[in-house]
Amino acid sequence: AGSLAAMREALFSLLFLFCTINLFVSSISVARKPQTIKKWTIQMVGYSPMKNDDYVAVSMEAPTGYIVGYEPLANADRVHHMLLYGCTRPYAESGFWRGESTCGGGGAHILYAWARNAPNLELPKGVGFAIGDSSGESGIKYLVLQVHYAAPFAGNVRDYSGITLKVAAEEPPNLAAVYLLVSGLPIPPGQPAFQNNMSCTYPSKTVLHPFAFRTHTHKMGRLVSAFYKRNGQWTLVGKRNPQWPQLFEDISRPLEIHQNDFIAGSCRFDSSDQKEVVPMGSMGSNEMCNFYMMVYYKATDENPFPYGAYCSNGNPPHSFDDYPKEGTELLPVRPELEHHAHQSALPFGVIEEAKFSLIGSVHLGQVSGLSFDPSHNLVIFHRGKRVWNQNTFNGANELNDKSSIKEDVILISKMEGKNASLVAKTGKGLFYLPHGIFVDTDNSIYTTDVGSHTVAKWTMNSDSSLTKVWEAGTPLTPGSGSTHFCKPTGIVVKGGSIFVSDGYCNDRVVELTLDGKYRSEFKGTGGFRIPHDIVTNEDTHNLFVADRENGRVHELRSDGSAVSIFTSGLFNNIYSVDTNKDSVFMIPGEFRATSFGGDELPIAVFVGRAGTGLTEFAFAPTSAPFSRPHIVRVCPHGDHVYVGDISEQSPLIWKFKIQHEGSNHETDGGTLSFLSSFSLPYTPHVSSGYSFLVFILFILFLIGSAVWAKKKFSSPTPQGSFSRAVSSFFHTHFSSTTRAISIFLMVRIEQLKVKVKVYPRQAILRRKTTLGGTHW
Ligand SMILES: *[C@@H]1O[C@H](CO)[C@@H](O)[C@H](O)[C@H]1NC(C)=O
Ligand SMILES: *[C@@H]1O[C@H](CO)[C@@H](O)[C@H](O)[C@H]1NC(C)=O
């Protein structure tokens, strides 16, 4: 018995030691992971450009940390280019100003440039732009976003374009800077291959490592290149056709610029169809010659650019006689890139095309729901002469008037230009208070009725009458659980499920089977307050829920977990949501005073970008403001938006046309992946693979000891107490082993949670949006 006790002791000491070591190692790996990345977004203030080549800027105080990535929120349809500056002081205190000014006095550093639908940019591992209190003598206390609009928008559109910055808290071993080569020399007319040169001598002892570059000209530019020369030897930094998407292209070769190296760049222009000299300048009719060189240097080295990094024409200009030929020879044509980068000739806009209070000869009642049938007709769910007011329900959410609506509340309408003709009408005597409608690809109709507290599936017969396929909920009886709804609002079919937003009392989304049986439910991050509409995205298959009283839109996976949440200082209630590709259309249903400046926020359709929680632009009618919009739907082609209004005086449907050219957000240029092409000394991850290996070893060890223990105890004992000994051993110790394992696992899970906590979108979307100037 003594040796047995000693053996147990030894075994569990070993186990304990093993767990401790593993936990220790894991905690080191957690501590060493520089993953505290927060996202900050700087956005335009809802600006509407007033003229061609309109320049405006917004500023915000720079957070402290290191920018390691950029996620632009803009489209070339609306925005010609955006530049992000790090400034000691902004040009104006107001946070928003018109004109080309960016920084006030002190340093001015370019941190990022975007044009022509360039995609997200991740810096190489171990490289970051120091900003805020981290920026030392560069003094980047403010970020200034300059936005250049090529032309005014059509219709009543406000722009919220911007850039989301990924900011790491920990100092990386290398700091980044953008070295700008820029020419101010004019371009003579009639020259098919005019070369404009820039040059300087690099003065600092700090070694620069160029790792990405971007070229920029206006429409006459054909090629921009840059080199450095040391001991008579030219080395290419990069060259690119400026008509391609103007992204930062990565440089896969290791480059070093040393003190006194000669840096030279050149822009090749085609001015053959010009009649006069074209000056350099910011207007579309001017030209530009820019080469942006993104460099990094050791954080411990002296800052080579405390006040900004510029290289210009040299005075007097350096000799360019030996500039490498390669720097001025055109690159092969890439039509797919040129098409993608094409600037829209048609101004971007959302135009109010029509509004309808009559469909055929039918007067619209309160328009609560809209959908599209397989022929792309608009399917309208309205309330006829019935209105929802304070007399509609009693205190127990039951209808006071329990009669059905005697009119046809479902109208199918062919929408052509300013015409809306009636294709069919149906639904008389079947509904009490219509709310949501969805038409499936097989033309089945799904409805929610807030009056009867039910949802139902219908098919339409050739005589336009409806046949009920099934009904879920208990008619005219509000409730919760799996057999009742309480004023259900929206409905959508997605794959093998039906999702219902339920609604005014239960604050839940219910998942039904395709034959209307309760399957599950969820309540959303932080809980819904009147989930009022629900749709799916055809591309990502995510769900979008309008969380009405919280003024939010939840983007969710089918299990209810969050992808992103749209919130904004621009709205405090959201009645309806729809999506098309990566655009998310959201509409408030009423004016409500907010704490935000004490103003009421006029109602608009706010258009966000899926996955970001951010609003990109907004639009509203031009003929009159929205009254009480209740439902927004985008047609399957994505070019028209319909809004149903439940105004008691004049219920109607608004129709808007989205005007743009080549409007996709996707880039043919591909996403840049610096991460794959770089191996810098700084890769501080003790991978979770290591912890996992330790864990596997630990499990193997447990199994091994169990087998060993079993062997040990299976030798026959004189007392024949083998089974008792085994059971007592397993009882007293393997239960504690199980406990040890579960504690170990719990700790691991906690650690994983800590790791995950760093990244979920909601947690890091600490937005600090500058909102001043014009906005709704
Ligand atoms: C730029 O350099 C080239 C030689 O590489 C020269 O032919 C050209 O005239 C220079 N351009 C200007 C505007 O000086
Ligand atoms: C709209 O209706 C009018 C009159 O019926 C017709 O002349 C016109 O062509 C229609 N427009 C469209 C776009 O269908």
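Nothing in this text is a laboratory measurement; each read-out follows from the coordinates by a stated rule. Every value quoted in this text rests on a predicted model; they were computed, and no experiment measured them. Here Cβ is always computed from backbone atoms with ideal geometry, including for glycine, and neighbour counts include all displayed protein chains.
Tabulated data for the structure shown
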| read-out | value |
| --- | --- |
| Residues with amide H under 5 Å from that of residue 104, placed H, sequence gap 5 or more | 89, 91 |
| Protection-proxy order for peptides 143-153, 398-408, each taking the mean of Cβ atoms within 10 Å per residue, highest first | 143-153, 398-408 |
| Net charge over other residues, Cβ less than 9 angstrom from the Cβ of residue 469 (K, R count +1; D, E count -1) | 0 |
| Over segment 433-659, relative contact order from alpha-carbon pairs under 8 Å, at least 6 apart, % | 10 |
| Ratio of Rg to Rh over segment 198-318 (Cα coordinates, Kirkwood Rh, two decimals) | 0.99 |
| FRET efficiency estimate (nearest 0.05) - Cβ-Cβ, residue 282 to residue 307, R0 35 angstrom | 0.95 |
| Length gained when the stretch residue 133-residue 376 is fully extended (0.36 nm per residue, less Cα-Cα span) | 81.9 nm |
| Separation between Cα centres of segment 117-170 and segment 251-315, rounded to whole Å | 20 |
| Reference-scaled alpha-carbon Rg (2.2 N^0.38 Å with N residues) for segment 261-311 | 1.68 |
| Segment 37-344 shape via C-alpha gyration tensor axes, a/c threshold 1.5 | oblate |
| Greater than 19 Å apart at Cα, pairs in 457/494; 229/325; 385/425; 355/657; 385/657; 425/487 | 385/657; 425/487 |
| Taking segment 106-244 and dividing mean pair separation by its residue count, relative contact order in percent (alpha carbons under 8 Å, at least six apart) | 19 |
| Check: segment 433-659 dipole with +1 on Lys, Arg Cβ and -1 on Asp, Glu Cβ, in debye | 160 |
| Segment 605-663: proportion of alpha-carbon pairs further apart than 13 angstrom, % | 67 |
| Cα-based shape type of segment 381-491, given that a ≥ b ≥ c are square roots of the gyration tensor eigenvalues and the cut on a/c is 1.5 | prolate |
| Segment 68-83-segment 454-508 distance, computed between alpha-carbon centres (Å) | 42 |
| 3J(HN,Hα) from dihedral phi, segment 507-519, Karplus parametrisation 6.51/-1.76/1.60, rounded to Hz, x for glycine, proline | 6, 9, 10, 9, 9, 10, 6, 5, 9, x, 8, 4, 10 |
| Amide H within-cut-off set for residue 80, under 5 Å, with H built and near neighbours excluded | 148, 149, 150 |
| DSSP-loop trypsin sites (Lys or Arg not before Pro) across segment 499-571, with at most 14 other Cβ within 10 angstrom | 517, 523, 557 |
| Loop-located GluC sites (Glu not before Pro) in segment 285-328, at most 15 other Cβ atoms within 10 Å (DSSP) | 302 |
| Where GluC sites (Glu not before Pro) fall in DSSP loop in segment 531-569, at most 14 other Cβ within 10 Å | 538 |
| In Å, descending, principal axis extents of the Cα set of segment 433-659 | 48, 41, 35 |
